[in-house]
């Protein structure tokens, strides 16, 4: 029976990743902290590990936003755009950026709408977080910086964003690095019920659908997000300094609303905007991706994620999957920055 349950769970998680809101978090896991390797080198973000930092943030008006972003590397280097997830921030890439900058890349790490110093330009703009809106933000960001084409990388919401860019605007994407693969969902797929074992992994999706959940997240934002960090990366012993540095991004006045909107939109509890209907219709067909792609997975990812064989067929160009070992969880770029940076460099060579 245990084998049957294990096989069923792998199947359900595969369905969830391709058919539900696959760029989000879920599974309850223990929070046992471990060192990053047998040599007792402190893992990035843990006590005793050196703390890198970005230089002063830059800002650019792009579409409906004033986008705050970190930049590293030569201004004329090949551009790399790195997108963070929920509930994280640009510091997921704080140790990735200098590696890529040293290799000659122009690294750009924007705060998504509702995070950090990114702000809406108008009080009348809907605080909408449907997938197409966040993807359009990225294209507006590229346009504002006069970037025609870039390598895209991401995890969680950022992985979803990178995948969407790769098939909605393939002419703008040179290569793709995505943690947990093809993170694409739709309202129709999210509306399909799953067996109890799979539904359990999405507890917070249903929590956010209630008045109590909305009020609870607003009242306990930091504690909730820290809880998610532990669930998603059960073996990453991140310290208080690392979490608090990212938690400042949650002080954005639109953070709670944007976070809730994302999940509630999938359940048709938020309306979205009509101007994104055509893009969402295309997203819901789950198109294939033709650019060179490397997908990554941590061996201790506490979030629901499919076996790579479930999504490998979605990548019809040059493709490779890598599993990163050593207790690596969901926030892979921050937990294994060297491996993530290597994937970016390797996909550029493909």
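The values are calculated or read from the model by the stated rules, or taken from the named source; none is laboratory data. The structure displayed is predicted, hence computed values, not measured ones. No Cβ is skipped: glycine too gets one built from the backbone with ideal geometry, and neighbour counts run over all protein chains shown.
From the list 75, 68, 49, the one residue that fits, being within 23 Å of residue 228 (Cα to Cα) and out of contact with any helix residue (DSSP H, G or I) (no Cβ under 6 Å at 6 or more places or on another chain), is 49. On inspection, residue 148 fails the criterion of being touching a helix residue (DSSP H, G or I) at 6+ places or on another chain (Cβ under 8 Å), over 27 Å from residue 275 (Cβ atoms) and assigned to a loop (DSSP other than H, G, I, E, B). Restricting attention to region 113-126, which residues are in contact with a strand residue (DSSP E or B) (Cβ under 7 Å, 6 or more places away or on another chain) and either crowded, with 22+ Cβ neighbours inside 10 Å or more than 21 Å from residue 244 (Cβ to Cβ) (or both)? Selection gives 113, 116, 118, 119, 120, 121. Taking the conditions exactly as written (farther than 30 Å from residue 223 by Cβ, touching a strand residue (DSSP E or B) at 6+ places or on another chain (Cβ under 7 Å) and modelled with pLDDT of 95 or more), does residue 315 satisfy them or not? Here the answer is yes, as residue 315 does meet what is asked. Here region 210-228 is the region considered, the condition is being surrounded by fewer than 16 Cβ atoms within 10 Å (Cβ to Cβ) and touching a residue at least 12 places away in the same chain (Cβ under 8 Å), and the residue that is nearest to residue 330 (Cα to Cα) is 222. The condition of being under 18 Å from the mean Cα position of the chain (by Cα) and modelled with pLDDT under 95 does not hold for residue 229. Of the residues 101, 75, 52, the single one that is in a loop (DSSP other than H, G, I, E, B), surrounded by fewer than 19 Cβ atoms within 10 Å (Cβ to Cβ) and modelled with pLDDT of 95 or more is 75. Counting only helices (runs of 4 or more DSSP H) that sit wholly inside region 261-350, those with at least 1 residues that are over 29 Å from residue 193 (Cα atoms) and touching a residue at least 24 places away in the same chain (Cβ under 8 Å) are 332-335, 337-349.
Among residues of region 69-81 that are on the phi > 0 side of the Ramachandran plot and free of Cβ contacts under 8 Å to residues at least 60 places away in the same chain, those with a beta-carbon under 6 Å from a residue that is in a loop (DSSP other than H, G, I, E, B) and surrounded by 22 or more Cβ atoms within 10 Å (Cβ to Cβ) at least six positions away or on a different chain give the pairs 73/105. The numbered conditions (1) touching a helix residue (DSSP H, G or I) at 6+ places or on another chain (Cβ under 6 Å); (2) at pLDDT below 95 are all true for residue 196 except (1). Among the residues making up region 246-257, those that are assigned to a helix (DSSP H, G or I), touching a residue at least 12 places away in the same chain (Cβ under 8 Å) and surrounded by fewer than 21 Cβ atoms within 10 Å (Cβ to Cβ) are 247, 248, 250, 256, 257. Taken over region 229-245, residues that are over 21 Å from residue 119 (Cα atoms), surrounded by fewer than 21 Cβ atoms within 10 Å (Cβ to Cβ) and in contact with a helix residue (DSSP H, G or I) (Cβ under 9 Å, 6 or more places away or on another chain) amount to 1.
If we scan region 15-24, do we find a residue that is under 18 Å from the mean Cα position of the chain (by Cα), surrounded by fewer than 23 Cβ atoms within 10 Å (Cβ to Cβ) and at pLDDT below 90? Yes: one or more hits. Inside region 187-203, residues that are under 23 Å from residue 261 (Cβ atoms) and buried (at least 19 other Cβ atoms within 10 Å of the Cβ) make up a count of 3.
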